[in-house]
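Engineer: Before anything else, here's the structure in question.
The values are calculated or read from the model by the stated rules, or taken from the named source; none is laboratory data. Since we're looking at a predicted model, the values are computed, not measured. As a convention, Cβ positions derive from the backbone with ideal geometry for all residues, glycine included, and neighbour counts pool all protein chains shown. Only protein heavy atoms, including side chains, enter the accessible area calculation; ligands, DNA and RNA are left aside. Shrake-Rupley method; radii C 1.70, N 1.55, O 1.52, S 1.80 Å.
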Amino acid sequence: MAVSNPHSARLRRIPFGFRGLSLVALILSACVAAFTPEPASAQPTGDTWWKHAVVYEIYPRSFQDSNGDGIGDLNGITSRLSYLQGIGVDTIWIAPMYPSPQIDFGYDISDYTAVDPQYGTVADMEHLVAEGKKHNIRVVLDMVLNHTSDKHQWFLDSASSRTNPRHDWYVWNDGIPADSPGVNDFQKKYVHTNLAGAQVVPPNNWESLFGGSAWEWVPAVHQFYYHKFYKQQPDLNWSNPVVEKACFDAMRFWLDRGIAGFRLDAIPTLFEDKQLRSEPVLAGTNAQGDPNLQEIYTTNLPEVHDVIRRMRKMANSYAGDRVLIGETYLPNTAELNKWYGGEAKDELQLPMDFLVGFHGDHDKLNASSFRQRIEEVQTQVHGSQPLFVFDNHDNVRSIDRYGDGVHNDLISKVLHTVLLTSNATALTYYGAELGMPTTTPTRKEDVKDPIGITGWPLEKGRDGERTPMQWTAGPQAGFSTNPKTWLPIPASYKTINVAVESKDPNSELNWFKQLAILRQTNPALHDGKQTLLDTSNPDVLSYVRSTGTGPAVVVSMNFTSTPKTISLDLSGTGIAGATVKTLAADDASLKSVHSLKNITLPPYTSWVATVQ
Ligand code: BGC
């Protein structure tokens, strides 16, 4: 199995030269606003809520500032719950809001059972959960288990002496003599003198994903500690059962406060090779100037699955079907299947499937490749529930990755159609519903994300996808009353914002809302079995959803820049019915389609119709 650095795929910056211009004005006259149903008001019950969820990731610094300090906060999120409910969101995942030195903007946690004062208090979180309930919105928290901050008391104790009871909570190593056979030039850059006065280097060539050696020397203990990410993020030692207990206790703290589950950060990196073998070196260097490695000894090690099974049992001991979502960048569906627990289905309910939303080949649209990946996850995970995702806080936004610079808005609507009409759980990211573009800093001195500073200009960091939410065309886009926001407001806020798009029936926002609410209210889209149609068509992706009792729903998307004519054949699917009625379409011509034969889809259009 070739695991070629799945994490660097996540952090890879895909070059793009054309920002997502809003084409709303251009397509306005051609578009059709099909009916916009109202959001469901009752909290869905039953043990599979997460199968139908529309999960919305919130980067708390950037969503809504309620106290005028230029940084978003929990009360800001609470104040926007009505908006979220109104667009069909029923679950929010909040990126880390725990106390943190903010080296990695919260992914360096210094206390798992508190809230960073800049975001609020534990009481504010409890209030958010309670208000969420009233809005039919569940709250999922981010849980970072691979590492803590180097300012966490656990690490301060661990690094204070070799005899401290917490020393073994992290991954320590004495290093090896600098003249040992096999030591390479990369290791030789990190020479230290040990207690015996000998020169030592890191025990192997392991690299931090954020640049340099993954081993950092601590003079107080004359040892190196391992860190997969920044050196301020030491890796916990998951081979020590006490670590597992401490982390599970932290998770219980929040489960006891009514949160619906966790998104597990960087979860495949929990374990490292016990023999500390060097990773195979590949050709070339990465954006940080370090040799490319094939990460086979520091990610996706089998030991992690025992932990996940125990974690699942722990989460299952709570009522309400708490969910475990994994940040699982994996090379193929067979690997993804393992994260569900395979046939036993006793691990994560929702490991993220990045294969559909993060295509290679410059991530251009390709109907055949989408179909193949959708089919794989339909057929190769023992009927477990897929989770699709196109956007997050670590990657160039999908509108820019998939956009061609001319039809970005339509292409983004196609992606939303895949996300919201397929049978996968949908995971989106704030601003994606607006078609907010990536706004990467243009000057090194403006960069906030440390990897953008060390990697400039090859790696400009992740600020571009973390800019403040665009609510209005007013001051600071309605994000904050403070003119000094933590990242600047992108110029696009004048036209790409909630206020403007809410009024435009053909906007990206209304497309998202229409589909998300159809997914809640239409039984076939909510729960129907999915069958791929017209499967040799290289240009148009089509499928049908059916519960077997009520009317089925067909979905077709033209993935190309030219009109395409299709005919859909339902024979063999067991679905009867010949009359077709459009439920949603982003071109007026598709409103009048009444048959499954000879339907012409204009460039990059999406069409959703009921069959009766
Ligand atoms: C998060 C990143 C973070 C890294 C280290 C990732 O998976 O999504 O934002 O920098 O983990 O915690």
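Engineer: What is the set of long-range amide H partners of E207 at a cut-off below 5 Å, with H atoms built 1.01 Å from backbone N?
Structural biologist: Result for E207 returns A214.
Engineer: A follow-up question, please. By how many degrees, between 0 and 90 and to the nearest 10, does the Cα long axis of helix 304-316 differ from the longest principal axis of the chain?
Structural biologist: 60 degrees
Engineer: Please report, in debye to the nearest 20, how large the charge dipole of the stretch 525-612 is about its Cα centre when each Lys and Arg carries +1 at its beta carbon and each Asp and Glu carries -1 there.
Structural biologist: Approximately 160 debye in magnitude.
Engineer: At a threshold of 8 angstrom on Cα-Cα distance, excluding pairs fewer than six apart, so keeping six or more, what relative contact order does the stretch 277-333 reach in percent?
Structural biologist: Value for the stretch 277-333: 20 percent.
Engineer: Over the stretch 525-611, average the accessible area per residue using a 1.4 Å probe and give it in Å², no decimals.
Structural biologist: Solvent-accessible surface per residue comes out at 40 Å².
Engineer: If contacts are Cα pairs under 8 angstrom and at least 6 residues apart, what is the relative contact order of the chain in percent?
Structural biologist: Relative contact order here is 16 percent.
Engineer: Sort E57, E207 from largest to smallest accessible area, using a 1.4 Å probe on the heavy atoms of the protein chains.
Structural biologist: E207, E57
Engineer: Count the DSSP beta bridges whose two residues both fall in the chain, then state the antiparallel fraction as a percent rounded to the nearest 5.
Structural biologist: Given both bridge residues lie in the chain, the antiparallel proportion sits at roughly 60 percent.
Engineer: Just to check I understand the Karplus step: with θ = phi - 60° and J = 6.51 cos²θ - 1.76 cosθ + 1.60, what whole-Hz values come out for the stretch 272-285, glycine and proline as x?
Structural biologist: 10, 4, 5, 7, 6, 5, 5, 6, x, 8, 9, 5, x, 10
Engineer: Take the solvent-accessible surface of the protein heavy atoms, probe 1.4 Å, and return the percent of it on the stretch 94-184 that carbon and sulfur atoms account for.
Structural biologist: Summing carbon and sulfur atoms, their accessible area is 55 percent of the total for the stretch 94-184.
Engineer: Given N residues in the stretch 525-611, what is its alpha carbon radius of gyration divided by 2.2 N^0.38 Å?
Structural biologist: 1.00
Engineer: Which one of V418, F63, T439 is farthest out on the positive end of the charge dipole of the chain, using unit charges on Cβ (Lys, Arg +1; Asp, Glu -1) and the Cα centre as origin?
Structural biologist: After comparing all options, I get V418.
Engineer: Just the number, please: carbon plus sulfur as a percent of the accessible area of the stretch 525-611, 1.4 Å probe, no ligands or DNA/RNA counted.
Structural biologist: So the carbon and sulfur contribution to the accessible surface is 52 percent.
Engineer: Can you give the extra length, in nm with one decimal, that the chain gains between W456 and T521 once fully stretched, where that is 0.36 nm per residue apart less the Cα-Cα distance?
Structural biologist: Extending this stretch completely gives an extra 18.7 nm.
Engineer: Here are some pairs, K460/K494; K151/K188; K413/K564; K444/K484; K413/K529; K413/K591; which of them have Cα atoms lying more than 20 Å apart in this structure?
Structural biologist: Violating the 20 Å limit, Cα to Cα: K460/K494; K151/K188; K413/K529.
Engineer: Another one. Choose one of Q294, T521, M311: the residue whose Cα lies farthest towards the positive end of the charge dipole of the chain (beta-carbon charges +1 Lys, Arg; -1 Asp, Glu; about the Cα centre).
Structural biologist: Selected residue: T521.
Engineer: Nearest 500 deg cm²/dmol is fine: what mean residue ellipticity at 222 nm does the chain get from its DSSP H runs of n ≥ 4 alone, each adding -39,500 (n - 2.57), divided by its residue count?
Structural biologist: Counting only the DSSP helices, I get -6500 deg cm²/dmol.
Engineer: Could I ask something else about it? What accessible area, in Å² to the nearest ten, does a 1.4 Å probe give for T521?
Structural biologist: 60 Å²
Engineer: Moving on. Any idea of the accessible area per residue across the stretch 109-148, 1.4 Å probe, to the nearest Å²?
Structural biologist: Each residue of the stretch 109-148 exposes 31 Å² on average to a 1.4 Å probe.
Engineer: Still on this structure, please answer the following. What residues qualify as long-range amide H neighbours of A260, i.e. H under 5 Å apart, gap of 5 or more or another chain, H built at 1.01 Å from N?
Structural biologist: Those qualifying (amide H under 5 Å, at least 5 residues apart or on another chain) are V139, V140, L141.
Engineer: If you find the alpha carbon centre of the stretch 343-383 and of the stretch 437-493, how far apart are they in angstrom?
Structural biologist: If you average the Cα positions of each part, the centres end up 31 Å apart.
Engineer: Any idea which of V611, T531, L601 is furthest toward the positive side of the dipole for the stretch 525-611, if Lys and Arg beta-carbons carry +1 and Asp and Glu beta-carbons -1?
Structural biologist: V611
Engineer: Taking the Cα centre of the chain as origin and charging only Cβ (+1 Lys, Arg; -1 Asp, Glu), how large is the dipole, in debye to the nearest 20?
Structural biologist: 1000 debye
Engineer: Describe numerically, in nm with one decimal, the distance between label points set 7 Å from Cα along Cα→Cβ at A196 and at K133.
Structural biologist: Output for this residue pair reads 6.1 nm.
Engineer: Any chance you could give the angle, 0 to 90 degrees and rounded to 10, that helix 408-421 forms with the longest Cα principal axis of the chain?
Structural biologist: 90 degrees
Engineer: Quick check: the angle from helix 367-379's long axis to the longest principal axis of the chain, C-alpha only, nearest 10 degrees?
Structural biologist: Here the helix axis deviates by roughly 70 degrees.
Engineer: Something else now. Pull up all non-local amide H partners of L583: gap of 5 or more, or a different chain, and H-to-H distance under 5 Å with H placed in the peptide plane.
Structural biologist: V608, A609, T610
Engineer: Still on this model: Can you tell me the dipole magnitude for the stretch 153-226 around its Cα centre, using point charges on the Cβ only (Lys, Arg +1; Asp, Glu -1), in Debye to the nearest 20?
Structural biologist: That gives the stretch 153-226 a dipole magnitude of about 80 debye.
Engineer: Would you mind getting the accessible area per residue of the stretch 153-226, heavy atoms of the protein chains only, 1.4 Å probe, in Å²?
Structural biologist: Accessible surface, normalised per residue, equals 45 Å².
Engineer: I need the shape label for the stretch 153-226. Rule: rounded when a/c is under 1.5, else prolate if a/b > b/c, else oblate, with a, b, c from the alpha carbon gyration tensor.
Structural biologist: Cα axes put the stretch 153-226 in the oblate bin.
Engineer: Using the alpha-carbon centroid of each, what span in Å lies between the stretch 229-268 and the stretch 74-91?
Structural biologist: 26 Å
Engineer: Does the stretch 419-486 come out rounded, prolate or oblate by the C-alpha gyration tensor, with a ≥ b ≥ c the root eigenvalues, rounded set by a/c under 1.5 and, if not, prolate when a/b is larger than b/c and oblate if not?
Structural biologist: Judged from the Cα gyration tensor, the stretch 419-486 comes out oblate (a/c at least 1.5, b/c at or above a/b).
Engineer: Ok, one more. Please turn the phi angles of the stretch 474-482 into ³J(HN,Hα) values with the Karplus equation 6.51 cos²θ - 1.76 cosθ + 1.60 (θ = phi - 60°), one per residue in order, whole Hz, x for glycine and proline.
Structural biologist: Going residue by residue, I get x, x, 6, 6, x, 7, 8, 7, 8 Hz, with x marking Gly and Pro.
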